[in-house]
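Read through the structure below, which is laid out as structure tokens, and then see the notes.
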Amino acid sequence: MLLKRIEAKTLQQALERVRVECGDDALVVETRSTRTGYLVVAARAQSAPPRRDQTGGRSFLSRWTKGFAALADKATDFGLTDDVLRAIERALLGTRVELTRPGDPAVPGLAAKVLAGLIRSEPRLEDQDDPTFRTLAVVGPTGVGKTTTLAKLAGRARARGERVAIITLDTYRVAAVEQLRAFAELMDAPFTVAFTPMDLRRAMQEYAGYDRIFVDTTGRSPRDHEALPLLEGNLKAGGCATLLCLAAGTRARDCRLILDAYEPLGIDAVCLTKWDETVAPGESLGTLVERGLPLSHVCIGQEVPDDIVPADPLQLANAAFDLEPAEAAR
Ligand SMILES: Nc1nc2c(ncn2[C@@H]2O[C@H](COP(=O)(O)OP(=O)(O)OP(=O)(O)O)[C@@H](O)[C@H]2O)c(=O)[nH]1
Ligand SMILES: [Mg+2]
């Protein structure tokens, strides 16, 4: 059996290369995210086709090996896409767990660990010593919770003792400015409305001494091919890092459309909002895994600043497989 290391920017690309370079029967031994993308170690059978035990006893009628099927059903209910589940199953096939029949108590915990390894998190948004996200623009489609998320993040930064300033580029919706001004006043943070890229640059200079500058933006449909390039120009002129807010209940196909549309802005991190409003957040989460995009936070309600949590890959993975703490610990 030959082992091959394959690195690619996204999990999808890595698995595609595994298929091309190692064949359809390749076993994925290890899958993990790296700073630049994904590393997959695949094992290629040298001669004969894989034995029955190497395929986990998959029958022609089942999409999954018998030892993985129940977990896959739970994760499908949660919304995880088949591509992601297939990558997890392949990774498990390269380990010592028993997949030819149900009941190996080690399978659920290990499956969750594999998934956790695939979910990239981005903790630097809350790191006071890291300047990467010092100036942060919150972008995304209309009504996904951008302004609310900004207020939650600003509230957390204030609670850490950071000096926070807020700028809005959203002069499109009548009540938007007042909504954010009210949050800024509550936090005792200075607030500027920027109508032009020049205004934005000026405000950035004015707030140069602040620890963190948050920039709110107008919600834009992924199909708005005129407004998105303008927003891109504004943010690049301001040198902002970009946090994309994506509603957790968005279907995978729509997530891909949004990610494609916002990609030119450079998505530095994603926040999944309205997690509390969906029973299938796995579609959006799985899409981030497919694209190799880092998740910084999950929003779980309307309350500012409490209803936001930093992304914890293992906790999310346990939720995806509906694991009790005891199962997860095995
Ligand atoms: N249930 C729930 N509601 C949320 C969450 N985040 C925001 N909301 C609500 O969603 C609605 C829209 O929130 P906004 O923050 O105004 O959304 P936005 O993306 O800034 O909207 P636009 O600026 O109009 O594009 C408000 O009623 C928020 O209270 C969340 O995590 N869960
Ligand atoms: Mg808004």
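The values are calculated or read from the model by the stated rules, or taken from the named source; none is laboratory data. From a predicted model like this one, the values you see are computed outputs, not experimental measurements. Don't worry about glycine lacking a Cβ; one is built from the backbone with ideal geometry, like all the others, and counts go over all protein chains shown. With ligands, DNA and RNA removed, areas are computed over all heavy atoms of the protein, side chains included. Shrake-Rupley method; radii C 1.70, N 1.55, O 1.52, S 1.80 Å.
A few points about this structure:
- Accessible area ranking (1.4 Å probe, heavy atoms, ligands and nucleic acids excluded), largest first, for R163, R32: R163, R32.
- A 1.4 Å probe, protein heavy atoms only, puts the accessible area of Y207 near 10 Å².
- For I167, the amide hydrogen comes within under 5 Å of the amide hydrogens of T192, F214, V215, D216, counting only partners 5 or more places away or on other chains and with H modelled in the peptide plane.
- Rounded to the nearest 10 Å², the accessible area of L265 at probe 1.4 Å: 20
- Which of M198, M187 is most accessible, then next, and so on - probe 1.4 Å: M198, M187
- When only the Cβ of Lys, Arg, Asp and Glu is charged (+1, +1, -1, -1), the dipole of the chain relative to its Cα centre reaches about 1020 debye.
- Solvent accessible area, Å² - H225, 1.4 Å probe, full protein context: 150
- These residues, R101, R35, go from largest to smallest accessible area, 1.4 Å probe, as R35, R101.
- DSSP bridge pairs, the chain: antiparallel proportion in percent, nearest 5: 40
- Per-pair calculated FRET efficiency, R0 = 30 Å: E263 and E303 via Cβ, rounded to 0.05: 0.45
- Note on T196 and E162: with the Förster distance fixed at 30 Å, the Cβ-Cβ geometry gives a FRET efficiency of about 0.65.
- Relative contact order (%) - the chain, alpha-carbon pairs under 8 angstrom, separation at least six: 22
- In this structure, L230 and K9 have a Cβ-Cβ separation that, at R0 = 22 Å, corresponds to a calculated FRET efficiency of about 0.20.
- Above-threshold pairs, the threshold being 21 Å between Cα atoms, out of K236/K274; K66/K113; K113/K274; K9/K236; K146/K236: K236/K274; K113/K274; K9/K236
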